[in-house]
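Remarks on the structure that follows.
The values are calculated or read from the model by the stated rules, or taken from the named source; none is laboratory data. Treat the numbers as computed from the prediction; the structure is a model and nothing was measured. Here the Cβ positions follow ideal geometry from the backbone for every residue, glycine too, while neighbour counts run over all protein chains shown. Each accessible area value is taken on the protein alone, full model and side chains, heavy atoms only, with ligands, DNA and RNA left out. Shrake-Rupley method; radii C 1.70, N 1.55, O 1.52, S 1.80 Å.
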Amino acid sequence: MNSHTEKKYVVDDNNNVVDVEVAVADDIHLERRFGLGSAIATGICTGNTWAALGGTIVTSFYNGGPSGILYEFIAVSVCYWFVGASIAELASAIPASGGVYHWAAATAGKKYGIACAYFAGWLNFCAWLFTVPSTCCIIGQGIVYCYQLFHPDSVFERYQVFIVYLIVCWAQAFIVMFGTKMLPTINTIGCILIVAGFFITIIVCAVMPHVNGTGYASSKFVWKTWDNQLGYSSDGFTFLLGMLNGAYAVGTPDCVTHLAEEIDSAGRNLPIVLLCQISVGFVTAICYMTAMFYAITDIDAIFAAGSIFPLGDIYLQATGSKGGALGLIIVILLPTFCVGIGCYITCGRTLYALARDNATPLPTYFGSIDKRFKSPLYATLCCAVISTCIGAIYVGTTTAFSAFIGSFILLTTSSFLLCIIPHLLHRRSIITPGPFWLGKWGFLVNIVACLYMIVFFVIYCFPYNMPVTPELMNYSSVIIVGLAVAVSFWWLFAARRIYKGPELEFFEVTDSVMRLVQSHGSVVS
């Protein structure tokens, strides 16, 4: 293996940070391929808020109807602004591909940092891993729906979706594994598709009902009508539970932070990227939902159809033609494919960050960067294999499949809490501020973020409908507990003997990194 000499910073016996010359393998680094523009494109592409809402829109109708969806989305977005701001300042102070994994190690201090980092990293990895099957399934359902749209006599079988799922899943994986040099360009194209698709969709939904003479839904239907179909007696609780649908769309503020080691001046640029991702996602989602809801003329027909891809039925009503519906479906599926690539990037980089610190099985493979393709090849391959197995569950039972997908929010918020709560308990003093820092407002922002995540962690575990049936039960809590037990077993029987916490030699050098070196005794570049 080729190597070169670099200056590193290490803690000596007197607890002082000194620089030394060490040999570094040439193939251990992720190359910095993302500038500010391509990083923003990646954030917008992976977030893809309006398309994420569209893919699950009919499920959301049960939580209050169109007006419920809009107000619930606004409420959950405001909550995630506090979460996003809390994450932005941590990413600015400690830019590293592990994201919450490294932040938890820093904010929890020497005594608890290793354990917090271990569990935060694993929970965050599992969360992002489950987003891959979600995007692949949406694309699979959309493509099968399009075929049925022009072949109404065809009989739907779940294996048909799974075949498309496999093609999409492995196509995305191969792009991430072997096309590292193309990723900035691909994400830029994805961003263009998302923005263009947004404008095309709202223009078509706004114009075609007038052209077809079908007319528009009333403003009362869009903004004032409340329709609680969940079976809960309390409309207030239904509203709170309905915020989960919006959380799936906006609950990705950490996605681009996992590219920190591949972004120029990450400490300065990451907060800008997060601001653009959250702002664009909110504006596009509100405009998209408003245009689409005004184009619905018969919501009962959409419920009665029992379609595999109900969004297609909404587009069919909006355009009045199969061709128009097909066009709008393509417009939403293309950027969704790019979203899947972004999800692979995130979960693969997270697994890589864990493995290079010996927190996973087979760390030699999962924690390596392929010398030829300059990517965490085996980590991404592992994600693809697991995603394939989860997709196979869809063929047998959609309930179990939905349980994995539905646990995303609980997993991400758990990992966020493991780094933000220690940050508060140490009175926000254990890390040195980066270029972006909340200052005197930091306590308020962090507390609101934590309160939201703690309270809604409980609410989001409640059953989706009342009365409860095995098919409609919310099994997300079961998935969370199962994963926590599995990760704990690995910690007890293997990881605690070889895992010493995050290695820091890959970080952009900041004062916070230096302080973390002094706390954990690791090497820093």
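Set the Förster distance to 22 Å, then compute FRET efficiency between I167 and C389 from the Cβ-Cβ distance, nearest 0.05.
On the way: r = 16 Å, r/R0 = 0.74.
According to the calculation, E is roughly 0.85.
Estimated from the Cβ-Cβ distance and a Förster radius of 51 angstrom, the FRET efficiency linking K500 and Y147 is about 0.45.
Across the chain, the longest piece that holds none of the trypsin sites (Lys or Arg not before Pro) lying in DSSP loops with up to 10 other C-beta atoms within 10 Å covers 1-371. Backbone amide hydrogens, once placed in the peptide plane, bring G64 within less than 5 Å of D227, Q229, excluding anything fewer than 5 places away on its chain. Other residues within the sphere of radius under 15 Å centred on the Cβ of L166, judged by their own Cβ, net out at 0 (K and R +1, D and E -1). Measuring r between the beta carbons of D235 and F174 and using R0 = 51 Å, the FRET efficiency lands at 0.60.
For K181 and R268, the difference between the fully extended length at 0.36 nm per residue and the C-alpha to C-alpha distance is 29.0 nm.
Chymotrypsin sites (Phe, Trp or Tyr not before Pro) within segment 125-196: which are DSSP loop residues with at most 16 other Cβ atoms inside 10 Å? Please report the intermediate quantities before stating the final value.
Working: sites: F125, W128, F130, Y145, Y147, F150, F156, Y159, F162, Y165, W170, F174, F178; in loops: F156.
Taking segment 125-196 and a limit of 16 other Cβ atoms within 10 Å, the loop chymotrypsin sites (Phe, Trp or Tyr not before Pro) found are F156.
Overall, the accessible surface of the chain at a probe of 1.4 angstrom is composed of carbon and sulfur to the extent of 67 percent.
Mean Kyte-Doolittle of at least 0.5 plus a Cα span of 18 Å or more along the axis: flag which DSSP H helices in the chain meet both, please. Could the numbers behind the result be given before it?
Values: long enough: 65-93 (42 Å, 1.18); 109-150 (62 Å, 0.90); 158-178 (30 Å, 1.69); 183-212 (41 Å, 1.86); 235-250 (23 Å, 1.03); 266-294 (42 Å, 1.33); 322-355 (48 Å, 1.54); 377-396 (30 Å, 1.84); 408-425 (26 Å, 2.03); 442-459 (26 Å, 2.63); 476-490 (21 Å, 2.15).
Helices meeting the criterion: 65-93, 109-150, 158-178, 183-212, 235-250, 266-294, 322-355, 377-396, 408-425, 442-459, 476-490.
Which value in deg cm²/dmol, rounded to the nearest 500, describes the helix-derived mean residue ellipticity at 222 nm for the chain, given -39,500 (n - 2.57) per DSSP H run of n ≥ 4 and division by the residue count? Taken over the chain, the calculation gives -22000 deg cm²/dmol.
Tell me, in nm to one decimal, what length is gained between D227 and V78 on full extension, where the rule is 0.36 nm per residue of separation less the Cα-Cα distance? Could the numbers behind the result be given before it?
Numbers: separation 149, 0.36 × 149 = 53.64 nm, distance 2.30 nm.
Additional length available on full extension: 51.3 nm.
Per residue, the solvent-accessible area of the chain (1.4 Å probe, heavy atoms of protein chains only, all protein chains present) comes to 38 Å².
Residue separation of L424 and V211 scaled by 0.36 nm, minus their Cα-Cα distance, works out to 71.1 nm of gained length. Counted without the sites themselves, the longest stretch of the chain free of GluC sites (Glu not before Pro) in a DSSP loop having at most 16 other beta carbon atoms within 10 Å is 158-470.
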